[in-house]
Amino acid sequence: MSYADAPGQNYGKAPVWAAVCIKLLQGPVYRTNNADPAWATLQAWQSEIDRYFWTIGLHVFVDAADGYAFLEQREMGEEEEPLPRLIQEQQLTMQDSLLCVLFREALDQFDSSQDQSENLLLSRSEIEERMSSFFPEKKDQAKSLRKLDESLNKLCALSFIREIESTSSFDRTFEVRRIIKAKINAEFITEFRDKLSKILGKENGGRE
């Protein structure tokens, strides 16, 4: 006997937007093109999808202009029973945070420029060059660069960036994804810069 035929277990067909819910549970959803069926379903059924996730303590964040959506933990009301967290906060190292700030600021500069390109692309060598501005001391810069690829891979897994095929076999290339604008805000950037200044100040003071 199938699940659908079991007595008392037939709740009807899954809604047409069920596949989009599954995609959101797996990670951010991006609009790949103007005819993207998953994105079209998300926009057509956004209220129903958000209502479904609301009942389990989640909210669907949608940026229609930039074409991405993701789940975030919502604030529970005073009369609601607290629920376990489904969306775990990502633990970012200082290196990870540095790259996030770098990418966010690079995207802001890209959007305010006259560049006609749709997406911001950065090579690994360009990322290294941008990182150097954060470290006045060469020793600090060298220490950070040693773990660069590890952090780049982590941010790819978080969908903050996406590695694309490069014309060079010696240099990786990444697209900075616009979701980083929602994840890395002005408060995060300010707090990170203050923390980095204190760390570098202590290290440089210890060498004097």
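Can you tell me which residues in region 156-189 are open to solvent by less than 60 Å² (accessible area, probe 1.4 Å) and β-branched (Val, Ile, Thr)?
Ile161, Ile164, Thr173, Val176, Ile179, Ile180, Ile184, Ile189
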First in region 43-60 and farther than 12 Å from Leu25 by Cα and open to solvent by 70 Å² or more (accessible area, probe 1.4 Å), second anywhere and at pLDDT 95 or above and part of a helix (DSSP H, G or I), Cβ under 7 Å, 6 or more apart: Tyr52/Cys21
Residues located in region 67-83, provided they are in a loop (DSSP other than H, G, I, E, B) and either touching a helix residue (DSSP H, G or I) at 6+ places or on another chain (Cβ under 9 Å) or free of Cβ contacts under 8 Å to residues at least 24 places away in the same chain (or both): Gly67, Arg74, Glu75, Met76, Gly77, Glu78, Glu79, Glu80, Glu81, Pro82
In region 29-42, residues that are part of a helix (DSSP H, G or I) and surrounded by 13 or more Cβ atoms within 10 Å (Cβ to Cβ) total 5
Going through region 11-27 in order, the residues found to be open to solvent by less than 40 Å² (accessible area, probe 1.4 Å), modelled with pLDDT of 95 or more and either among the small types (Gly, Ala, Ser) or touching a strand residue (DSSP E or B) at 6+ places or on another chain (Cβ under 8 Å) (or both) are Ala18, Val20, Leu24
Within region 61-101, count every residue that is farther than 23 Å from Trp39 by Cβ and either crowded, with 18+ Cβ neighbours inside 10 Å or of a type in the set (Gly, Ala, Ser) (or both). 9
Please verify whether Asn153 is exposed (fewer than 14 other Cβ atoms within 10 Å of the Cβ), at pLDDT 85 or above, touching an Asp or Glu at 6+ places or on another chain (Cβ under 8 Å) and closer than 29 Å to Arg31 by Cα, treating the condition exactly as stated. no
Test: residue in region 2-9 that is in contact (Cβ under 8 Å) with a residue 12 or more places away in the chain and open to solvent by 30 Å² or more (accessible area, probe 1.4 Å): no
Of everything in region 103-126, what is open to solvent by 10 Å² or more (accessible area, probe 1.4 Å), within 14 Å of Leu148 (Cα to Cα) and assigned to a helix (DSSP H, G or I)? Give them in sequence order. Arg124, Ser125, Glu126
Which is modelled with pLDDT of 85 or more and either surrounded by fewer than 14 Cβ atoms within 10 Å (Cβ to Cβ) or part of a helix (DSSP H, G or I) (or both), of Lys143, Lys195, Lys202? Lys195
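The values are calculated or read from the model by the stated rules, or taken from the named source; none is laboratory data. Just so you know, these numbers come straight off a predicted model, no measurement behind them. Cβ atoms come from the backbone with ideal geometry, glycine included; neighbour counts cover every protein chain shown. With ligands, DNA and RNA removed, areas are computed over all heavy atoms of the protein, side chains included. Shrake-Rupley method; radii C 1.70, N 1.55, O 1.52, S 1.80 Å.
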